Every structure is written in C-alpha cells, then in structure tokens.
Amino acid sequence: MEETKVLIIDDERELADSIAEFLELKGYKTAVCHNGQEAISTLKSFKTDVIICDIAMPVMDGLELLNTIRSEDQWNHIPFIFLTAKTTKDDMRLGMISGADDYILKPFKLTEVDEAIKTRINRSKQLLEQNKIDKHQREQINQLTKKEKQVFKLISEGLSSKQIAEKLFVSIKTIENHRYNITQKLNLEGQGSLLKFAMAHKNALD
C-alpha cells in the first residue's frame, strides 16, 4: 500500500519536526517547510496527499498559501488543515471561506493530527469515488438517444407519462417504451428508481 504523504508547514521548527517525526512513526511520508513560499516550491516535487499548515508565518502566511493552492488546478483538490493558535471566529471564517478543510488548534496532542489526516483522506477517497460514479452515470445518460434524452429531462421535471405524451404529441405507450429503454440503459430497476435517478441528475443534459 502506498504511503500517505503529508506536507507540514510551520515556522516553529521544533514543532514542525516533532509532527513529522510522529507521523513518520505512524507510517506517513513527510516533508517540512517553514513558510508558504517554501511550500509552493516543495509542492512542485513532493506530491502530497494532505497539507498541515500554520496561519501566522513569515514571507507567505497560511491564508495566502491556501489561496494560492486553491487557485491552482494541480493542487486545489489537496485537503488543507490549518494548525494554528488563532482561534477568533473571524480567523476561522476567513480560513473556511478560502477553502480550508479543517482546523487543529494549538496546543494539541499529536494523535489529533493523525486523526485529522485520516478523516480528510477518507473524505477525499469518498469524494473521488462519488465523482467516478457521477462521471459514469453522466456517460450513460449521454448515450441515450435524442428522444430518450428529451423524455428523461421531462421525467426529471416530475411529469407523468401522460403529461409527457401530451407534451410530445405521442401516445402514452410510446412514452412507456421510452421509459423502459431508458431504465434498461441506465441499469435501473423499476419505474420508481428512474424517477429518483432522473431528479438527482436533472442537470446532466444542460
């Protein structure tokens, strides 16, 4: 199993080294930087899975680093956890608005860092898996015929077979045939599942 890589950024060198040593013992691979500018340089070669970062740092602080990372496609998916003594609501609000995923407040136990990393990694895996599922489902929808897509969109708007038939000037039987074909192509079971699926993906054809 591939090691989880963690980038630790804190101008308190002793603290940063302690976190790195602890995480290495837990099986992580780490890299340590002491300001945001160093972190940007390190990210170009160290493909990290999680970023642990202080807010108040020289040269480039944590908020500026976070904004830079969230603006870069190659990095904006990386979970970002602030490690900070700043506890005011304004600080926390600004960080979350900028795209931080979590906070660990100083002083803390090293086990809290491990727990926060595991939580973020699991969440990232879930999102990645869901994105794969969503992409597959969109591909399935796009394989429908033009008429099936039209029916699918009307189903997503909550219209009944009778209403769709009247809107498209065809028979109800024709619409029912389309519904059956759509259900088969999307690997769904039952008409109720088609309605639920269509409503959940009503923007797939926009």
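Readers should treat all values here as calculations from the given coordinates under stated rules, not as data from a laboratory. No experiment lies behind these values; they were computed from the predicted model shown. Cβ atoms come from the backbone with ideal geometry, glycine included; neighbour counts cover every protein chain shown.
Rounded to the nearest 500, the helix-only mean residue ellipticity at 222 nm of the chain stands at -18000 deg cm²/dmol, with each DSSP H run of n ≥ 4 adding -39,500 (n - 2.57). Each 10 Å bin from zero holds the following percent of Cα-Cα pairs in segment 143-200: 26, 63, 11. Each residue of segment 66-76 was assigned a 3J(HN,Hα) from its phi angle through the Karplus expression (A = 6.51, B = -1.76, C = 1.60, θ = phi - 60°), giving 4, 4, 5, 5, 5, 8, 10, 4, 6, 10, 5 Hz with x at Gly and Pro. If R0 equals 25 Å, the separation of the Cβ atoms of residue 18 and residue 132 corresponds to a calculated FRET efficiency of about 0.10. Here's how it looks for residue 49: its modeled amide H is under 5 Å from those of 5, 6, 7, which are all 5 or more places away or on a different chain. Taking amide H positions as placed in the peptide plane 1.01 Å from N, state which residues far from residue 104 in sequence (5 or more) or on other chains have amide H under 5 Å from it. Under 5 Å from the amide H of residue 104: 82, 83, 84.
So how much slack lies between residue 196 and residue 109, counting 0.36 nm per residue of separation and subtracting their Cα-Cα distance, in nm?
Numbers: separation 87, 0.36 × 87 = 31.32 nm, distance 4.51 nm.
Contour length minus the Cα-Cα distance gives 26.8 nm.
The aspartates and glutamates within cross-link reach of residue 44, meaning a Cα-to-Cα straight distance under 15 Å and a gap of 8 or more places when in the same chain, are 72, 73. Per-residue Karplus couplings for segment 27-34, computed as 6.51 cos²θ - 1.76 cosθ + 1.60 with θ equal to phi - 60°, are listed in order as x, 7, 9, 10, 9, 10, 10, 10 Hz, Gly and Pro entered as x.
With the cut-off at 28 Å, tell me which of the pairs 26/106; 135/162; 146/196; 5/196; 5/106 have Cα atoms farther apart than that.
Numbers: 26/106 21 Å; 135/162 31 Å; 146/196 21 Å; 5/196 39 Å; 5/106 22 Å.
Violating the 28 Å limit, Cα to Cα: 135/162; 5/196.
Starting from the Cα gyration tensor of the chain, take the square roots of the eigenvalues, sort them a ≥ b ≥ c, and report rounded, prolate or oblate (rounded when a/c is under 1.5, otherwise prolate if a/b is larger than b/c, else oblate).
Details: a/c = 3.49, a/b = 2.96, b/c = 1.18.
Prolate is the answer for the chain, as a/c is 1.5 or above and a/b outweighs b/c.
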